[in-house]
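Worksheet for the structure shown next.
The values are calculated or read from the model by the stated rules, or taken from the named source; none is laboratory data. This is a predicted model, so every value here is computed, not measured. Note: ideal-geometry Cβ built from the backbone for every residue, glycine included; neighbour counts use all protein chains shown.
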There are 2 protein chains.
Amino acid sequence: MTPIKVAFAQTNPVVGDLRGNLSDIRSAIASASGDADVVVFGELALSGYPLGDLSYRSDVIDASARALNELVLMTGEPELSGVYVVVGHVSKAQGPKHPMQASAAIAHNSASVIKGGKLIGTYHKQILPNFDVFDDWRNFVPGESELIFEINGTKCAVAICQDIWTEDSSRSVALSNDGVELLLVLNGSPYTRNKAVERRQAARDFQNGFALAYSNLAGGQDELVFDGGSFLLDASGTEVLRAGMEPGLYWEQNEKLEPVKSNDLATLWQVLVIGLRDYCAKTGQTKALLGLSGGIDSALSAAIACEALGNKNVVGIALPSRYSSEHSVEDAYALAKNLDIEIRQVPIDRAHQAFETMVELSQLASENLQARIRAVTLMAISNSEGHLLLTTGNKSEIAVGYSTMYGDSAGGFAPIKDVFKTDVWALARWVNSVHESAVIPVSSIEKPPSAELRPDQLDSDSLPDYQLLDEILKLLIEKSATIPETEALGFDVSEVVRIEAMVRNSEWKRSQGAIGTKTTEVSFGTGRRVPLTTRFTNYED
Amino acid sequence: MTPIKVAFAQTNPVVGDLRGNLSDIRSAIASASGDADVVVFGELALSGYPLGDLSYRSDVIDASARALNELVLMTGEPELSGVYVVVGHVSKAQGPKHPMQASAAIAHNSASVIKGGKLIGTYHKQILPNFDVFDDWRNFVPGESELIFEINGTKCAVAICQDIWTEDSSRSVALSNDGVELLLVLNGSPYTRNKAVERRQAARDFQNGFALAYSNLAGGQDELVFDGGSFLLDASGTEVLRAGMEPGLYWEQNEKLEPVKSNDLATLWQVLVIGLRDYCAKTGQTKALLGLSGGIDSALSAAIACEALGNKNVVGIALPSRYSSEHSVEDAYALAKNLDIEIRQVPIDRAHQAFETMVELSQLASENLQARIRAVTLMAISNSEGHLLLTTGNKSEIAVGYSTMYGDSAGGFAPIKDVFKTDVWALARWVNSVHESAVIPVSSIEKPPSAELRPDQLDSDSLPDYQLLDEILKLLIEKSATIPETEALGFDVSEVVRIEAMVRNSEWKRSQGAIGTKTTEVSFGTGRRVPLTTRFTNYED
C-alpha cells in the first residue's frame, strides 16, 4: 500500500489561458478536498505546456504568479482546504542562470505545494530535456533544491517529468536517505506508441524505497497529445492505481489493472481523435471539411473527424477529375453514408480546362494541377463557410514527398500525418471491427492505392510496396540507420538509397506542412530538425 | 601588432558535403601555406553548420572523421605543409554526457589543429548556445578542456563561437594565466542587422591581454547567411584586419578599416542576395519565377533574384485579375524592362470564372480565390519549366497574417520574409540610388500598397500605417514587449491589442511558411518557437 491517499488531477490546460486553467484546477481540488490526502496535477497545469518561447515573456510569467496567488487564496476556502495541492506553473527565476546555459530563459518550470490558503513551498525542475519536441533547456532555468514536506505524517518530495528519466542514481539515493516515502512527479508526457511502458520503467528505475505518484496532463496541445495514464506505484514498484487517458480526477483504486498496452490500435485511434478534437476546441473551431477521394487516407481522416467533432460538423467533398475512377466517387458516397456526414460533389474539370487554356503544362504539372484545383476549391468552401480544412496525407507519403504542394498537402490540420500507411490500413480495419457494419468501405481498404492524377496511375508505379517502404522509413527516420545497417538487415541497398534521397529531397515540402498529431518517436513536426539544404547522402566514402 | 600572421579562410560549406567542403578547405590551405603562419576556418567548416539533427547520425560523424583524417594526410604534402590549420568539424563524443544534459547528442562541435601531416590536437566547444536558431545544447556534447599549443613561438588557444559570449571571466583569466598570446575563435555566426558591432564587443570583452582572431563562415545555409567579416584584434583590442562578407581567404591587412556598419542597407541587400543565391546553389536550382503585381514587394524580390541568379534566369509573370488596376501591369512591365528579365502575362479571369461556377463564394473567399489561382498558375509554370517559385511577402504582412494561404504565400523561398515593409521601401530607394536610372519603378514605391483583390482595396483599410505597424511589431516580436510597456511608450492600447491578436491568430499560417533569409534578431523561422494554440492575450488580469 502507499502511505497516503493520492488523487491525480489530469487537466487539459490551454497554453496561456490562466483563467480557464485555474477554473479547471479549482474544480478538481473541490472534488478531491476532504477525501484524498493530496491532489497532484500535471506539469505546468496552470500555465499550459509546452509554452515555447512564451516562457520569455514577463507578462506571461507575471500573470502566472498572479494566478498562483489566487489559487493559494482559494485553497483557504472551506470546500477547498481539505487536501494538499501540488500544481505545476511557470515562475520567475531569481538567481543567475546555470553557467553552462547559453539561453534566453528567465523562468523556472515549477511546482508548488499548497494547503489551506498557504504556499508550503515551490520546487523547480532540475533536468531540462532538450531533445525531440522538448526545448526545456532553451526555455527554463534549472532548479537545484529539493522540496521535502510532510502530508499527514508522510514525508514527500516533488519532481517534474525529465527529473526521473536519468541513469544517475545520486538524487534518488539522497531522497531515500532523507526519509522520503512518497515522490510526487508532475508530468507533461506526450503519447507515443510505446510510452506507457517506458514511463513505468523510468519510474521504477528511479524508485529507491519510496512510493511514486506519476501524474500526467491530458488532452491535445498543438501536435502533442498528453495521454494521461497517471499511475501510482507503491514502495515495491507495484502499480496500485492507474488513470484513464482523458481529462478527469482519478483517485480511487481502479477495479482492475489490465496490462499496459503498447502499439495498441484502440489507443492510437483515441489519441488521433483527441489531437484533432482539442486542436479545434482550443482554436475555437467546430467544423471540419475534407476532400473525399474514395481512398483510405481521407476515409480514415473523416472517421476521426466524426468522432472528434460529431458527424453533423463534418463535410466531405468529392472532387472528381477526368481521371477519377467511377468507384472513387462511389466509395466517397458510401463512406459519407456510413458516417452519416454531408457530402457534396464538385467536379473540377471546368477549372482544369480553364487552366489548360492559360498555361502550357508538362505531365507532372498537369498532375499537380488537379490536386491544386481541389485545394483551391476546398479552401474557397472553408473560407466561405468557416470549416477547418483537413489534409489527409499519411506519414509514408509525407516522408517520400508523394504529395502536391498547395494541393493535397493544403489544410490547417493533418490528422494522420504521423501514421504510416500500413498503420492506416490497420486502423481502418480496426475501426470496422469495432462497429457492427463496415464504417470505412471495404473497397477503400482493399483497392491498390492511387493518386488518380493520370489514367491507370498506381502508387506502386513510383513507390515500393508500402510494407517494405514503411520498414525502411522507420529505420531511416526513427533509428537514424545508416545504409550499411539497413543492408545488414537484408534490405536492397539501391532501394534504400533511392528512398533516402526521396526523404532528403522532400524536406522543403515538410517544412511547409500542416500541423498534426505526433504518435511516433520521431514525427515530422517540431521535434525533427534537419536542414533543407544538405548533400549528405548516407553513403559517403 | 599581433604576434603571428593569421589568415582567415571564410569557406561556404554545404551541410554534409564533406567531399566538396574538404576541397574548398584544401584550396584555402594551399593559398595560405608558406605565407601565413596559421589559417583559421569557421565553425564546422568541414561538416557544415548548422547540422541540426544530422548530428545524431553515426554515418555523418564517421564520414567527418574520415574526411578529417584525409585532411591531416593532405597537409603532409609540400604545398600544404607550410601553415598551421585550425578547422571546425563534428567528432564523436567519447565520455559521458554532461549530467545536466538530457539530449540525444553523441558528438562534439570540435576544432582541430593540424600541421604538416600531423594532428596536433582537437578542441571541443564548451558553451553550447540554445536560443534563437541555435540548438547546440540539443545537438552536441560540451567539451571541458583547453587546447594550448605553440605556433612559431606564439602560445595559442582555441575557442568556438558562443564560448566567448559570456559574462563569466574565469576562462579568459585562466587562458591569460597560462600565457596564451593569441586566441583563435571559429565561428558560425549568422547575420543580423547589428551583429558586426556586437561581435567586436563580445570579442573585446573576452580578451584578457591576448590577441584574438575571430574567423567566421561565409555564405547562405537555409535561412541563415553567414556574413563573414572575420577580424583580428591585437592584444590591446585594436582591430588590425577585417575580412569582407563573401567567401575567400583574407590574410593581408586591409588597406583601410572603415567603421563597422550597423543597419546598413547595402549590407542588408547583399545578405538577401547571398541568402537566395546560396539556397539555389546548394539545392541545385538555377532559375527563379515570381508573380509581378506591380507592387513594391515583388519588384524588390525580382531585383534580388536578378542579382542572385542573373537576369536571364529570372522570369516574371503578370497575373491580372478583374480588379487589377491598369498601372499594375504597366508597373510590372516597366520593372521587367528595367531588370531586363522575361515577363509573361497570364490573365486569371478564365479560371476565376470557372471556379465561380463550381462553388459559391463569400467576399473573403472570392478575394483569396484570386491569390490562389495565381499560385496554381505559377506552380504549373514552375513544375513545367523547373523554376523555383519565389514568394514575395514582407515581414510586416507575414506578422499580421495579411496574406492568402496557398496563394501569395506559396513558394519555395521567401527572399524578403524577414524585412519589414518600411525597410522594403528603404531598400527599394537604395537600389535605385546606386543605379544610374530607376530599377524599381518609382510608382511601385510611391503608390499606396494594395492587394487588389477587390475594387479600390488598400492595405490601409485593415492595417495601420506601416510606419506605426512596424514600430509596434518590432516591440511585440523582437522585444517581447507587454501591452503596458507599449502604452508607456505612447502607443494606443486598442491598436496594439488588435495587432497582437492578429499576430497570434496567424501563427498557423507562419507555421506553413516558406523558408527565407533571416535578417533580424527574431525572425519567423526556426528561431521563433511559439504554440499555434494559445489564449494568452498579453492582457491577462
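Things to note:
- Of everything in region A:168-200 that is more than 21 Å from A:N216 (Cβ to Cβ) and in contact with an Asp or Glu (Cβ under 8 Å, 6 or more places away or on another chain), the residue that is farthest from the other protein chains (Cβ to nearest Cβ) is A:D178.
- In region B:483-541, the qualifying residues are those that are charged (D, E, K, R) and part of a loop (DSSP other than H, G, I, E, B), and the one that is surrounded by the most Cβ atoms within 10 Å (Cβ to Cβ) is B:K518.
- Candidate set from region A:3-54 (those that are within 26 Å of A:D222 (Cβ to Cβ) and β-branched (V, I, T)); member that is surrounded by the most Cβ atoms within 10 Å (Cβ to Cβ): A:V40
- Scanning region A:93-134 for residues that are in contact with a Leu (Cβ under 7 Å, 6 or more places away or on another chain) and more than 18 Å from A:S47 (Cβ to Cβ) yields A:A102, A:G117, A:G121.
- The sole residue among A:V180, A:V173, A:V185, A:V225 that is of a type in the set (V, I, T) and within 16 Å of the chain's Cα centre (by Cα) is A:V225.
- Check on B:F226, over 27 Å from B:A28 (Cα atoms), within 14 Å of chain A (Cβ to nearest Cβ) and crowded, with 20+ Cβ neighbours inside 10 Å: no
- Of the criteria (1) more than 30 Å from A:Q353 (Cβ to Cβ); (2) among the aliphatic types (A, V, I, L, M); (3) more than 10 Å from every other protein chain (Cβ to nearest Cβ), which one B:A281 fails: (3)
- Subset of region A:395-413 (residues that are at the interface with chain B (Cβ under 9 Å from one of its Cβ atoms) and in contact with an Asp or Glu (Cβ under 9 Å, 6 or more places away or on another chain)): A:T404
- Across region A:105-134, the qualifying residues are those that are under 19 Å from A:N216 (Cβ atoms) and in a strand (DSSP E or B), and the one among them that is nearest to the other protein chains (Cβ to nearest Cβ) is A:P129.
- Of the criteria (1) farther than 30 Å from B:R504 by Cβ; (2) of a type in the set (A, V, I, L, M, F, W, C); (3) free of Cβ contacts under 8 Å to residues at least 12 places away in the same chain, which one A:A336 fails: (3)
- Candidate set from region A:420-467 (those that are in contact (Cβ under 8 Å) with a residue 24 or more places away in the chain and acidic (D, E)); member that is farthest from A:A371 (Cα to Cα): A:D423
- Failed criterion for A:I341 (all others in (1) within 14 Å of A:G407 (Cβ to Cβ); (2) among the hydrophobic types (A, V, I, L, M, F, W, C); (3) without any contact (Cβ under 8 Å) to a residue 40 or more places away in the chain hold): (1)
- Extreme residue, nearest to the other protein chains (Cβ to nearest Cβ), among residues of region A:81-104 that are surrounded by 24 or more Cβ atoms within 10 Å (Cβ to Cβ), closer than 21 Å to A:L18 by Cα and aliphatic (A, V, I, L, M): A:V90
- Residue within region B:16-30 that is more than 28 Å from the chain's Cα centre (by Cα) and within 14 Å of another protein chain (Cβ to nearest Cβ) present: no
- Count - residues of region A:414-438 that are within 26 Å of A:S523 (Cβ to Cβ) and not in a helix (DSSP H, G or I): 8
- Residue under evaluation B:W137, criteria (1) away from chain A (no Cβ under 11 Å); (2) outside any loop (DSSP other than H, G, I, E, B), criterion not met: (1)
- Here A:R57 meets the list (1) surrounded by fewer than 24 Cβ atoms within 10 Å (Cβ to Cβ); (2) in contact with a Cys (Cβ under 8 Å, 6 or more places away or on another chain); (3) not β-branched (V, I, T) almost entirely, failing just condition (2).
- Index of the failed condition, A:F140 passing every other in (1) surrounded by fewer than 20 Cβ atoms within 10 Å (Cβ to Cβ); (2) under 22 Å from B:T533 (Cβ atoms): (1)
- Those residues of region B:53-71 which are over 16 Å from A:T537 (Cβ atoms) and facing chain A (nearest Cβ under 8 Å), in sequence order: B:D53, B:Y56
- Inter-residue pairs, beta-carbon under 9 Å, first exposed (fewer than 12 other Cβ atoms within 10 Å of the Cβ) and in region A:143-171, second of a type in the set (V, I, T) and not in a loop (DSSP other than H, G, I, E, B), 6+ apart: A:N152/A:V38
- Within region A:339-379, tally of residues that are touching a Phe, Trp or Tyr at 6+ places or on another chain (Cβ under 8 Å) and either more than 9 Å from chain B (Cβ to nearest Cβ) or more than 22 Å from B:Q345 (Cα to Cα) (or both): 5
- Taking the numbered list (1) hydrophobic (A, V, I, L, M, F, W, C); (2) buried (at least 18 other Cβ atoms within 10 Å of the Cβ); (3) in contact with a Ser or Thr (Cβ under 8 Å, 6 or more places away or on another chain) in turn, A:A235 passes all entries but (2).
- Number of the exception - A:Q285 against (1) more than 19 Å from A:G219 (Cα to Cα); (2) modelled with pLDDT of 95 or more; (3) in a loop (DSSP other than H, G, I, E, B): (1)
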